[in-house]
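Let me begin by presenting the structure, written as structure tokens, before commenting on it.
The values are calculated or read from the model by the stated rules, or taken from the named source; none is laboratory data. The model shown is predicted, which means the values in this text are computed figures rather than measured ones. Don't worry about glycine lacking a Cβ; one is built from the backbone with ideal geometry, like all the others, and counts go over all protein chains shown. Ligands, DNA and RNA are excluded from the accessible area calculation, which covers all protein heavy atoms including side chains. Shrake-Rupley method; radii C 1.70, N 1.55, O 1.52, S 1.80 Å.
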Amino acid sequence: MSVAGTLALAAVESLGAAARATAGAPPTGLSTAFVGDAVDWEFVFRNADYLGVGALLTIGLTVASILLGFVVGFPAGAVEVYGDGYLKRAVTVAGIVLRGTPIVVILIVMYFVVGVPQINLGVASISSAMTAGILGLGLRSAAYQSQIFRATLASVDDGQLEAGRSIGLSRFEAVRYVVVPQALRRSIPGFQNEFTIVLKDTSIVFAIGLAELLTRGYDLFSEQTTAVLEVILFISAIYFVLTFTTNRALDRLGSYYAIPEGEST
Amino acid sequence: MSDDDFLRVTDVSKWYGEEQVLHDVSFEMDRGDVTVLIGPSGSGKSTMLRCVNRLAEAQEGSILLDGEEVLSPDLDVDELRREVGMVFQGFNLFAHLTAVGNVALGPRRVLGLSETEARERAEDQLERVGLADQLDSYPAELSGGQQQRVGIARALAMEPKLMLFDEPTSALDPELIGEVLEVMHGLVDEGMTMLVVTHEMSFARAVADEIVFLDDGRVVERGPPEQLFERPEEERTGRFLERIASHD
Ligand SMILES: Nc1ncnc2c1ncn2[C@@H]1O[C@H](COP(=O)(O)OP(=O)(O)O)[C@@H](O)[C@H]1O
Ligand SMILES: [Mg+2]
């Protein structure tokens, strides 16, 4: 598919999301707006900074949530494959609960019920809403990432682990040096998927008062209702660049670590 | 039977769930001996082999290796496996590592050699099996015969005192069997103690000190190859050997 085609698709996808977000109060003027309107584009670019801050928030939330999701989700997946007893059961149940709960509910629980504190890092501090956002999105991502890793760890042939043990590696070492490197390689496609989902789902943090990219876009076209399409296109382009570059980077990582296969058998 | 047998397997029994797959299996080997296990598919050959390095757990009996009880619950199985090499029917090479990476992993992570020392040892072992020109190839880039030779080098790199071979040539195209058997012949000449499951009867005849015929998890008959092949005492042994011969 051409880059332009992909861009158009991404725009349509984001439009859908925006349409859902605005379902309660449909902005007027949508029918009269037309994309080439110079005044509206000028309005968008005048507010690029405002949207830029939203984009940074989106990126920050995504990166932090994906990282937290990995740090928690990878061991969780490993426990589901190699663990037993209470630990395994606890991990499985936690995963089912997290995957079965709407993300808005998770965020609201984190923010209003658990009441996570503001985190002070000296140079900067992370607001408690931001902390709640990262924890909520991160833990939910962990629940999904654990399933990616559970599947890829289990997909590595048992003979690999056995061969590792046959030269005297402990079970942990055999998993660490033989199974994990192969499973991680197989996890890249699932991980790309998960990244894209988390990136788009960051918009949900409006529920706890954070204004990331999409929320800010909504604020803007509520202000100037003739600029709906221009704002949406601009935002979609940002989402597209983020997804595209990250997926390309993961593709590169995948081919760099791809295991060579010869023609001979 | 002498007191100083290197490997002494006595009345080993094993169950998988309700099904008993080994019935009081006994045999013994001296240092430097080659013993070949033969028998129909499903007779328990692999299971017997795997009990020796504890990849499978025997529930009854005794396996003494160099005077130590392998089946003891206190035994350090990782230590045991350091000293007992295994070669698999399906090669089981580490798919993400090159030939050198496969062979160096044990020396590096188990024996604690440095990166350079482990690589050197791996190169030496690969040279030993005739693969000096394939050091940096990945398993998928190698022929089956080459892969199995990497598998042998991987086991040898741990400097084992006993080598277990589980049908090392069964997965190979006929034209690739020779190169693997040649490497195994070399090990015999060097005096390696080897317990081998194979259907390669000419190999068995040439190198085995003793043949053990298993059927239904029981030792039906055992003895030196001349006796077992020429004058089998049990009817079942004769029938099995005829069947094998007609496949060649
Ligand atoms: N992991 C296992 N679980 C259950 N049964 C097994 C397992 N491995 C082997 N068996 C059974 O044990 C018997 C002996 O198998 P095996 O030792 O593989 O025989 P051989 O190597 O002689 O073909 C067979 O009946 C087989 O089905
Ligand atoms: Mg077998």
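What do you get for the angle between helix B:144-156 and the principal long axis of chain B? Use alpha-carbon atoms, 0 to 90 degrees, nearest ten.
Relative to chain B, helix B:144-156 is tipped by roughly 90 degrees.
Need one value for B:88-96: mean number of C-beta atoms belonging to other chains within 10 Å of its residues' C-beta atoms.
Partner-chain Cβ atoms within 10 Å, mean over residues of B:88-96: 6.
With axes computed from alpha carbons, what is the tilt in degrees of helix B:115-128 against the longest principal axis of chain B, rounded to the nearest 10 within 0 to 90?
50 degrees
Return the residues of region A:174-210 for which accessible area with all protein chains present is lower than in the chain on its own by 40 Å² or more; set the probe to 1.4 Å and exclude ligands, DNA and RNA.
A:Tyr177
HN-Hα J couplings of region B:162-176 from phi, Karplus 6.51/-1.76/1.60, θ = phi - 60°, integer Hz, Gly and Pro as x?
9, 10, 10, 10, 9, 6, x, 10, 5, 8, 9, 4, x, 6, 9
Please compute the per residue accessible area over the protein assembly as shown with all protein chains in place, 1.4 Å probe, rounded to a whole number of Å².
Roughly 47 Å² per residue, with all protein chains present.
Can you give the angle from 0 to 90° between the axis of helix B:235-247 and the longest principal axis of chain B, with both taken from C-alpha atoms, to the nearest 10?
Compared with the principal axis, the helix lies near 40 degrees.
What net charge do the residues around A:Leu169 carry, taking every other residue with its C-beta under 10 Å from that of A:Leu169, with Lys and Arg at +1 and Asp and Glu at -1? Intermediate results must be reported in sequence, preceding the final value.
Numbers: positive: A:Arg165, A:Arg171, A:Arg176, B:Arg81, B:Arg82, B:Arg109; negative: A:Glu173, B:Asp78.
Charge balance near A:Leu169 sits at +4.
For region B:21-32, what does the Karplus curve 6.51 cos²θ - 1.76 cosθ + 1.60, with θ = phi - 60°, yield as ³J(HN,Hα) per residue in whole Hz, taken in order and with x for Gly and Pro?
For region B:21-32, the Karplus curve yields 9, 10, 10, 6, 7, 9, 6, 9, 9, 8, 4, x Hz.
Would you work out which of B:Leu172, B:Val150, B:Gly191 lies farthest towards the positive end of the dipole of region B:117-195? Charges go on Cβ: Lys and Arg +1, Asp and Glu -1.
Positive-most Cα among the choices belongs to B:Gly191.
Whole number please: convex hull volume per residue, Cα atoms of chain B, in Å³.
Given the Cα convex hull of chain B, per-residue volume reads 129 Å³.
Taking 8 Å as the Cα distance limit and 6 or more residues as the minimum spacing, I'd like the relative contact order of chain A as a percentage.
Relative contact order for chain A comes out at 32 percent.
Report the calculated FRET efficiency for A:Trp41 and B:Asp216 (r = Cβ-Cβ distance, R0 = 60 Å), to the nearest 0.05.
Once the sixth-power term is evaluated, E becomes 0.10.
Leaving out ligands, DNA and RNA, calculate the buried accessible area for the pair A and B with a 1.4 Å probe, summed over both sides, in Å² to the nearest 100.
Approximately 2100 Å² gets buried when A meets B.
If you find the alpha carbon centre of region B:129-147 and of region A:115-188, how far apart are they in angstrom?
Centre-to-centre (Cα) distance: 33 Å.
Whole-Hz Karplus ³J(HN,Hα) for region A:112-125, in order, using 6.51 cos²θ - 1.76 cosθ + 1.60 and θ = phi - 60°, x for Gly and Pro?
Each residue's phi maps through the Karplus curve to give 9, 9, 5, x, 5, x, 5, 10, 9, 9, x, 5, 9, 10 Hz.
Can you figure out the FRET efficiency of B:Glu159 with B:Glu69, using R₀ = 30 Å and their beta-carbon distance, to the nearest 0.05?
Here the calculated transfer efficiency is 0.85.
What does the charge count near B:Met158 come to, summing +1 for each Lys or Arg and -1 for each Asp or Glu among other residues with Cβ under 12 Å from its Cβ?
+3
Under the rule of at least 5 residues apart or a separate chain, name every residue whose amide H is placed under 5 Å from the amide H of B:Trp15.
Here the answer is B:Val21, B:Gln59, since their amide H atoms fall under 5 Å of that of B:Trp15.
Add -39500 (n - 2.57) for each DSSP H run of 4 or more in chain B, then divide by its residues: what number comes out at 222 nm, to the nearest 500 deg cm²/dmol?
-11000 deg cm²/dmol
Counting only protein heavy atoms and a 1.4 Å probe, tell me what percentage of chain B's accessible area is made up of carbon and sulfur.
41 percent
Could you look at region A:129-265 and say what percent of its accessible area is carbon and sulfur, using a 1.4 Å probe and all protein chains? Walk me through the intermediate numbers first.
Working: 3380 of 5750 Å².
Carbon and sulfur: 59 percent of the exposed surface of region A:129-265.
In the protein assembly as shown, with Lys and Arg counted as +1 and Asp and Glu as -1 at Cβ, which of these residues, B:Ala95, B:Pro139, A:Leu56, has the Cα nearest the positive end of the dipole, that is, farthest along it?
Ranked along the dipole, the leading option is A:Leu56.
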